[in-house]
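First comes the structure, then the notes that go with it.
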Amino acid sequence: MRPWLRVCIAGFLGGVAMFLWASIAHLATPLASTGIGQIGHETALLREMRTALGDQSGLYLYPQMNGQGDAAMKAYGAKLRTGPSGLLVYHPPGAPMLTSAQLVTEFLGELAQALIAAVLLVWAAIAGYWLRVGFVGLAAVLTTNLSYWNWYGFPGSYTLAYAGTEWIGYIAAALVIAAVLPRNIPDGLWRVSETELAISISNGD
């Protein structure tokens with residue numbers, strides 16, 4: 001088997017492992033709902049939201065900040081001290097609950113992440129199995145929602161639960177990828193010889 005094909009297979013199987021773990025985490029564990037609360041008396045609030053926002057989906061930061069400069073910053077600070085604040089993702093009535101397109105998009109995203117991780121492992125050329133597992137797990141730190149917690153005030157419990165879910169997903173992918181990839185990565189993995197190129201052209205590939 002050609003090394004580049006083995007990398008692709010490793011990335012694909014890693015993506016499958018990530019998708020399976022994400023499904024288990026959301027369907028069979030409380031991780032998906034950790035840190036997410038329920039709004040009491042939501043009927044009146046939802047009615048007011050539709051009146052204010054209409055039928056336009058969007059991401060809203062409130063309270064509104066009008067303009068820039070020192071005066072605007074002071075006015076915004078006063079709003080934060082005297083009223084509620086937050087980040088709102090709004091969809092008008094008719095939003096789908098769960099679609100096959102969403103599942104496919106999720107899988108393709110995790111497949112892309114796993115393929116990138118497989119390529120990074122090749123470039124890093126880390127020989128030890130558990131070092132390779134840890135290297136891919138480290139990538140989870142870069143794709144968590146720390147910025148959402150830092151800038152928008154997402155609950156710490158939600159951030160930790162989601163980060164943990166992502167990290168375990170990367171570990172699941174890493175276990176598969178590190179097992180499939182060879183310990184010693186050949187230097188010429190991405191180089192195609194003139195003979196191989198000539199054969200490929202003659203076959204119309």
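Structural remarks
- Which numbered condition Phe19 fails, given (1) touching a strand residue (DSSP E or B) at 6+ places or on another chain (Cβ under 8 Å); (2) within 29 Å of Val104 (Cα to Cα): (1)
- Test: residue in the range 84-99 that is at pLDDT 90 or above and either closer than 30 Å to Ile171 by Cβ or more than 29 Å from the chain's Cα centre (by Cα) (or both): no
- Of all residues making up the range 33-65, the number that are farther than 16 Å from Val89 by Cβ and either touching a helix residue (DSSP H, G or I) at 6+ places or on another chain (Cβ under 6 Å) or in a helix (DSSP H, G or I) (or both): 9
- Being under 30 Å from Ala112 (Cβ atoms) and in contact with a Leu (Cβ under 8 Å, 6 or more places away or on another chain) is a description that does not apply to Leu27.
- Restricting attention to the range 32-64, the residues that are over 30 Å from Thr165 (Cβ atoms), over 29 Å from the mean Cα position of the chain (by Cα) and at pLDDT below 90 total 1.
The values are calculated or read from the model by the stated rules, or taken from the named source; none is laboratory data. Quick caveat, the model's predicted, so the values are computed rather than measured. Quick reminder, even Gly has a Cβ in these numbers, built from the backbone with ideal geometry, and neighbours come from all protein chains shown.
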